[in-house]
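The values are calculated or read from the model by the stated rules, or taken from the named source; none is laboratory data. The structure displayed is predicted, hence computed values, not measured ones. Heads up, the Cβs are rebuilt from the backbone with ideal geometry, glycines too, and the neighbour counts pull from every protein chain shown.
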Amino acid sequence: MPGQNKHYNLSLHNDAMRILILGIDGYIGWPLALHLLERGHEVSGVDSFYTRKRVREVGSDSAIPIMSMERRIESLKEMSGHKLSFIRGDVSNPRIIYDAIKEFKPDCTVHLAEQRSAPYSMIGLKQATETLQKNMIGTVNLAYAIKDMNPGCHILKLGTMGEYGTPNIDIPEGFFEVEYRGRKDTLPFPRNAGSWYHWSKVHDSNNLMFANNVWKIPVTDVMQGVVYGTSTEEIDRFSSPTRFDIDEVWGTALNRFCAQAVGDMPITPYGKGGQTRGFLSLTDSIQCLTIAAEKPPEKGEYRVFNQFDEYYSVNQLAETVKNSYEHLTGKPARIEHVENPRIEKEAHYYRPDMIKLRNLGYRPSRSLETEILKILSDLSKHKSRIDKLKNCIMPKTFWAKSSGI
Ligand code: USQ
């Protein structure tokens, strides 16, 4: 029931909000909707089913079967009584976003409706420009729609820790103080992304910072790490799974490693495997986004949160998955370093800050080991689907080979 999480309890009778989720059909969008409804908020969503379509196009599918949006909404209503309004459409179409904002008048709009895969953006020129256009235009459309139709609405935008790259110094949350030729200023921390996808997020951040500057739209720009997991409390309670991608284009590191173990395939750290990233469970990603929505920025504020739980190297994750799988099943798992399809540092310094969300009450709720066991057990029920996706697992999208024609 509403307000259950001890770390960010709200008195929901007074504080229930109207929250619009752009990209509600996605890996994070769907469990976020379930969680916000459970906390007593009114939720509306927009989605064009872009991810479902693009995943099919690379010959893949969600390893865990998911319902159609129509069925998701019906089944949720049957099981919980929650009502969810939904508009099918793409936020790169200004009409869609203007109508959604005008009709629903949200207090907060969570923007997740972007092309989210780094490998997809590196397939070739078509995918690169599609990513840049889709992501940047959607975000600018949203900024204009809020300014024209509902000024004061909080934009909660999903960016990525990958915007910063892997500098040889600590990474602050968005801004840092610089002294240059005897003068000081607080400036955006330099961004140095590693794919067209990650650069599209950098451009989004710049554009939102500018929109905030001229129109004072309150913005939270979330630099989120890699998310892993199959479940949240609400997914399990309502038997309403979210998608789980494992192929080389749409799957991400830890989720892929778990699927590889379950599918009797080698676990594949790319290159030396010293690449280090911030990671967090799906449950904790939802917790962080909920906190950011419920504790909005000040009027006219632009704030940046780094959002992850811990940082790990790819090798550490591969080892943990291997050990957990062997412990759980008694069967051996295999790690095989494969040629790195990306152009990235394979051994580097990495120490980002993660303070602001903790100050607002965020506490990690699941350990890596517990979550991996849960993923392995959920995936083992769908081993036959994973077996059918075997041809989509090994990397084929090489940054150096990305081609114009
Ligand atoms: N990697 C492997 N083996 C694999 C898959 C990935 O070693 O089988 C390595 C990659 O080379 C990379 C690291 O794992 O060094 C992370 O790759 P990833 O595919 O898990 O994640 P990434 O491409 O960075 O993108 C994902 C999401 C994206 C989100 C981002 C957060 O797809 O939407 O923004 O994680 S972050 O990585 O912090 O930028």
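From the list SER85, SER80, SER11, exactly one residue is within 23 Å of GLU294 (Cβ to Cβ) and modelled with pLDDT under 95. Which is it?
Only one candidate qualifies: SER11.
Give the stretch 140-174 a look and list any residue that's within 16 Å of the ligand (Cβ to nearest atom) and small (Gly, Ala, Ser), or say none.
Once the filter is applied, which keeps residues that are within 16 Å of the ligand (Cβ to nearest atom) and small (Gly, Ala, Ser), the stretch 140-174 yields GLY159, GLY162, GLY165, GLY174.
Yes/no per residue for (1) more than 8 Å from the ligand (Cβ to nearest atom); (2) on the phi > 0 side of the Ramachandran plot; (3) not in a helix (DSSP H, G or I):
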| site | (1), (2), (3) |
| --- | --- |
| PHE210 | yes, no, no |
| VAL227 | no, no, yes |
| PRO241 | yes, no, yes |
| GLY278 | no, no, yes |
| GLU298 | yes, no, yes |
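Give GLY124, GLY59 a once-over and let me know the one that is touching a Ser or Thr at 6+ places or on another chain (Cβ under 8 Å) and under 30 Å from ASN391 (Cα atoms).
Answer to the check: GLY124.
Which one of the conditions (1) within 16 Å of the ligand (Cβ to nearest atom); (2) under 23 Å from SER403 (Cβ atoms) does LYS126 fail to meet, given that it meets all the rest?
Looking at each condition in turn, LYS126 falls short on (1).
Answer yes or no as to whether ILE343 is at pLDDT below 95 and hydrophobic (A, V, I, L, M, F, W, C).
no
Which residue, of LYS201, LYS216, is within 12 Å of the ligand (Cβ to nearest atom), under 29 Å from ILE355 (Cα atoms) and not β-branched (Val, Ile, Thr)?
LYS201
So for the stretch 177-188 (the condition being assigned to a loop (DSSP other than H, G, I, E, B) and either within 16 Å of the ligand (Cβ to nearest atom) or out of contact with any Lys or Arg (no Cβ under 8 Å at 6 or more places or on another chain) (or both)), does at least one residue qualify?
yes
Taking THR252 as the residue in question, decide whether it is surrounded by fewer than 23 Cβ atoms within 10 Å (Cβ to Cβ), within 16 Å of the ligand (Cβ to nearest atom) and free of Cβ contacts under 8 Å to residues at least 40 places away in the same chain.
Taking the combined requirement at face value, the residue satisfies it.
Quick one: MET265 ticks every box in (1) under 23 Å from the mean Cα position of the chain (by Cα); (2) within 15 Å of the ligand (Cβ to nearest atom); (3) of a type in the set (A, V, I, L, M) bar one, so which box is it?
(1)
Given the structure, is ILE96 under 30 Å from TYR144 (Cβ atoms) and either crowded, with 18+ Cβ neighbours inside 10 Å or in contact (Cβ under 8 Å) with a residue 60 or more places away in the chain (or both)?
yes
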